[in-house]
Amino acid sequence: MRAVSAYGALGLVALAASMLCMYIWRSNSVPRLGVRGVWGTVTALPALCMRGATDFMRPTSSRLGNEYELTARQLAASSDRLFWNNIQVLRLIAAYGIVYVHLELIFAALDFGTGVVEILRFGTDLFLVVSGFLAAHVLAQSGKTAGVFLRDRAIRILPLYWLFTLLAFFTKNVATSYGAPTMRELGMSLVFIPYGPYPILHPTWSLVVIVEFSLIIAAFQTVSARHGVYLASIFVVLLVFFGQAFPSDNPAFVAYTNPILIDFAFGVLIYKLISVRAAALLPGRQGLAVGAVIIVVSAAAVLARPFLWPDVPRLAALGVPASGLLLGTIFLEKAGYLVRSVPVNFVARSTYAIYLCHQFVNGASEKVVALQPSSRGLPILALVVIPFIVTVVAVLVFAYVEAPMTRFLKERIS
């Protein structure tokens, strides 16, 4: 009960801090457009639910309303360029897969075994494949130099990561019995130096490889602005092979040569395939058919993994199907079948906040479920409610902290 109370108190403190950050870092107000949404050829129940949720929240705050209308404006302005609308859906799928995979204790309380959790692990691979694809897209479209690329990545990643890492450090030292990290471990976590299997904020072990890949891209951008991202992909493949050839118990070496790095290379390879107009060979219904088949086969491979080939290496069992999901959705988009939704894009802008904050919501939920170990209804309710709570918290963090802070830093540093 002490831990639950402490988590609740921390939530109130975080909300107060959000309001303070909004006041300090607030940017110029964005004129309201009066646009409720932009919908394309695909309408789904989850999208309708998100639309209803965002329409409900919009009147509660001018900041939320401004960010929502800014999303509508950006989406409307993207009609004359390739925006990769369907990838926003993949970002959400990946984010909520990560949320659920860290509810292992609640799944165990329902005697679901490890199969469901093993299936959900694909969210991380999908997140990294999409990250590789978008990195290649951004560099190819913008022609950013290495310095500008690193500056933008640092502004995007570091402030919110440091904030939630410090919050996790405080939580573990005060509120829980999980373990009290040391100041040395805090320092290493803040600068992305692995000291064990996981950093203080456990889900951010994958952020370590994201930062690593960003640094590698920047290094190769100084060699070739046109081909830097492709050279970086070749380098990470060689780095993984080196790690497999010369194994070590050093946590940093293990993390920096993790085979999951190749997921980035898969994303870059898919972008290269699309950039040479290979997908244009399958217009209309042909593209729809091919994209749908790729998606179905990839999803089936993910679902079958724990039961048919549990010992297959993760790169083949999850990285390849995640790449297939990305490729399939791109085929659909190139064929004209896409989701253009303001609510989907608005929540997709909060995926980084979802990624960072969900451990706190999950941890509190697991403590609550543990108070009633014989209950079966409570774990089921938790699995339904937790994603909504995480979404609300993440949207608030995005609107009141991440977005204004990012704009403030870009204005000052640029």
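Condition (residue is closer than 30 Å to residue 162 by Cβ and in contact with a helix residue (DSSP H, G or I) (Cβ under 6 Å, 6 or more places away or on another chain)) applied to region 305-318: is it met by at least one residue?
yes
Which residues, counting only those in region 132-158, are part of a helix (DSSP H, G or I) and of a type in the set (Lys, Arg)?
151, 153, 156
Which count do you get for residues in region 187-211 that are under 23 Å from residue 99 (Cα atoms) and crowded, with 17+ Cβ neighbours inside 10 Å?
15
Going by the structure shown, is residue 208 modelled with pLDDT of 95 or more and farther than 23 Å from residue 269 by Cα?
The answer is no for residue 208.
Identify the single condition in (1) touching a residue at least 60 places away in the same chain (Cβ under 8 Å); (2) touching a Leu at 6+ places or on another chain (Cβ under 9 Å); (3) of a type outside the set (Phe, Trp, Tyr); (4) not in a helix (DSSP H, G or I) that residue 200 does not satisfy, given that it satisfies every other one.
Result: residue 200 passes all but (1).
What is the number of the single condition among (1) surrounded by fewer than 21 Cβ atoms within 10 Å (Cβ to Cβ); (2) under 18 Å from residue 92 (Cα atoms); (3) free of Cβ contacts under 8 Å to residues at least 40 places away in the same chain that residue 297 does not meet?
Single failed check for residue 297: (2).
Of the numbered conditions (1) part of a loop (DSSP other than H, G, I, E, B); (2) surrounded by fewer than 18 Cβ atoms within 10 Å (Cβ to Cβ); (3) not basic (Lys, Arg), residue 339 satisfies every one except a single condition; which is it?
Every condition holds for residue 339 apart from (2).
Taking region 222-272 as the search range and keeping residues that are closer than 22 Å to residue 205 by Cα and without any contact (Cβ under 8 Å) to a residue 12 or more places away in the chain, which one is surrounded by the fewest Cβ atoms within 10 Å (Cβ to Cβ)?
Residue satisfying both the conditions and the ranking: 249.
Determine which single condition residue 372 fails, assuming it passes every other condition in (1) of a type outside the set (Gly, Ala, Ser); (2) surrounded by 23 or more Cβ atoms within 10 Å (Cβ to Cβ); (3) not in a helix (DSSP H, G or I).
(2)
Please list, ordered by first then second residue, the pairs with beta carbon atoms under 7 Å, 6 or more apart or interchain, first in region 115-137 and on the phi < 0 side of the Ramachandran plot, second among the charged types (D, E, K, R) and crowded, with 20+ Cβ neighbours inside 10 Å.
Going by the 7 Å Cβ cut-off, the qualifying pairs are 118/305; 119/305; 125/263; 128/263; 129/263; 130/91; 132/263.
Any chance you could count how many residues in region 110-131 are more than 13 Å from the chain's Cα centre (by Cα), part of a helix (DSSP H, G or I) and not aliphatic (A, V, I, L, M)?
2
Based on what the data block shows, is residue 66 modelled with pLDDT of 85 or more and within 29 Å of residue 122 (Cα to Cα)?
no
Checking residue 395 against (1) at pLDDT 90 or above; (2) surrounded by fewer than 22 Cβ atoms within 10 Å (Cβ to Cβ), which test does it fail?
Of everything listed in (1) at pLDDT 90 or above; (2) surrounded by fewer than 22 Cβ atoms within 10 Å (Cβ to Cβ), residue 395 misses just condition (2).
Looking at 353, 382, 322, which one is modelled with pLDDT of 90 or more, in a helix (DSSP H, G or I) and not assigned by TED's automatic domain parsing to the domain that holds residue 100?
322
Would you mind stating whether residue 315 is at pLDDT below 95 and either aliphatic (A, V, I, L, M) or in contact with a Ser or Thr (Cβ under 8 Å, 6 or more places away or on another chain) (or both)?
Yes; evaluated as a whole, the condition is true for this residue.
Criterion first (in contact with a helix residue (DSSP H, G or I) (Cβ under 9 Å, 6 or more places away or on another chain), modelled with pLDDT of 80 or more and not assigned by TED's automatic domain parsing to the domain that holds residue 374) does residue 97 satisfy it?
In short, no.
Looking at residue 314 and the list (1) out of contact with any Phe, Trp or Tyr (no Cβ under 9 Å at 6 or more places or on another chain); (2) more than 30 Å from residue 246 (Cα to Cα), which single condition is not satisfied?
It fails just one condition, (2).
With touching a helix residue (DSSP H, G or I) at 6+ places or on another chain (Cβ under 9 Å) and charged (D, E, K, R) as the only criterion, which of 249, 263 stands out?
Exactly one residue qualifies, and that residue is 263.
The values are calculated or read from the model by the stated rules, or taken from the named source; none is laboratory data. Computed from a prediction, not measured in an experiment: that's the story for all the values here. Here Cβ is always computed from backbone atoms with ideal geometry, including for glycine, and neighbour counts include all displayed protein chains.
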